[in-house]
1. Considering only segment 122-130, I want to know if a residue exists there that is in a loop (DSSP other than H, G, I, E, B), touching a strand residue (DSSP E or B) at 6+ places or on another chain (Cβ under 9 Å) and surrounded by 15 or more Cβ atoms within 10 Å (Cβ to Cβ).
2. How many residues are surrounded by fewer than 17 Cβ atoms within 10 Å (Cβ to Cβ) and among the basic types (Lys, Arg) if we restrict to segment 43-59?
3. Just give me the residues in segment 11-42 being among the acidic types (Asp, Glu) and loosely packed, with under 13 Cβ neighbours inside 10 Å, in sequence order.
4. Among the listed residues His105, His68, which satisfies the condition of being crowded, with 18+ Cβ neighbours inside 10 Å and of a type outside the set (D, E, K, R)?
5. Restricting to segment 154-186, name every residue that is free of Cβ contacts under 8 Å to residues at least 24 places away in the same chain and assigned to a loop (DSSP other than H, G, I, E, B).
Amino acid sequence: MNRLSAENVTLAYDQRVIAEHLSVEIPDHSFTVVVGPNACGKSTLLRALSRMLKPSEGRVLLDGQAIHSLPAKKVARTLGLLPQSSVAPDGITVGDLVARGRYPHQSLLRQWSAEDERVVRESMARTGVADLAERYVDELSGGQRQRVWIAMALAQETPLLLLDEPTTYLDIQHQIDVLDLCADLHEEQGPHPRRRPARPQPRRPLRHPPHRPARGPGHRPGRAEGHRDRRAGGGGVRAALPGHRRPRDGHPAGRAAARASRTKAEATKV
């Protein structure tokens, strides 16, 4: 039996039914993605699986027990959720918000420890928000806030983690970083834990080299990449520029190029 599953659940908000007689199992040690169109009930399903929404029929099971029968802290030490939209308390710093992810691990006999401090620092470092630790959350951009919430979810250190559209508000580079981080977590906590090698730094975007006219009277502007100008003495390979075409001889630009070529040739002879 898988650790997290739903059996014949009906999910609804008051009288508005979102899903009926739904059964689902989340495979253990898996990286599972729920895909569907907007408003089909994906977020509602995650809320039910995380104990935030009680099914009107059926039940959600965590480790073989009905999730609503378990103590809240026990569930929070096993299952974490990053909602689609979260609201931080006013006047809270990034470091304090991430530290709240350690709350399920606190008790009367176990207060804040060096281990908690280490986990919080590591979670902020992995999501790229360590430099924001002293900043107020309400001062951050949407993308920065999202990374802070992900850091808090990581600090919770649960074997099961549900993320509801974790790349919301992020630019493309941070989207890739977050998905890579999820893949790292999956491999580290899988049946055969191992560390993925560090992802190589992305290459700089390819750009066209500067368009420099070849020397010599035999130069013909606008030649395609890979063609050499033999009359110019085998000059370097030209880069093809988008939309750059050789002007026709009768075109004003072509006549101007011809005059420039003749002038340069005469100057060379002198």
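1. No, the conditions are met nowhere in segment 122-130.
2. 1
3. At the first step, the residues of segment 11-42 found to be among the acidic types (Asp, Glu) are 14, 20, 25, 28.
Correct list: Asp14 only.
4. After ruling out the rest, the residue left standing is His105.
5. Thr167
Residue-wise test of (1) out of contact with any helix residue (DSSP H, G or I) (no Cβ under 9 Å at 6 or more places or on another chain); (2) β-branched (Val, Ile, Thr); (3) touching a residue at least 40 places away in the same chain (Cβ under 8 Å).
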| site | (1), (2), (3) |
| --- | --- |
| Thr93 | no, yes, yes |
| Val98 | no, yes, yes |
| Pro104 | no, no, yes |
| Trp112 | no, no, no |
| Glu122 | no, no, no |
| Thr127 | no, yes, yes |
| Leu132 | no, no, no |
| Gly142 | yes, no, no |
| Arg145 | no, no, yes |
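The rows are residues; the columns are (1) among the hydrophobic types (A, V, I, L, M, F, W, C); (2) more than 17 Å from the chain's Cα centre (by Cα).
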| position | (1), (2) |
| --- | --- |
| Thr127 | no, no |
| Glu134 | no, yes |
| Leu140 | yes, yes |
| Met152 | yes, no |
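Here's the yes/no breakdown for (1) closer than 18 Å to Ala76 by Cβ; (2) outside the structural domain of Asp177 (by TED's automatic domain parsing); (3) within 24 Å of the chain's Cα centre (by Cα); (4) assigned to a loop (DSSP other than H, G, I, E, B):
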residue	(1), (2), (3), (4)
Ala99	yes, no, yes, no
Pro104	yes, no, no, no
Leu109	yes, no, no, yes
Glu117	no, no, no, no
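The values are calculated or read from the model by the stated rules, or taken from the named source; none is laboratory data. This one's a predicted model, so the numbers in the text were calculated from it and none came from an experiment. Every residue, glycine as well, gets a Cβ built from its backbone with ideal geometry; the counts of neighbours run over all protein chains shown.
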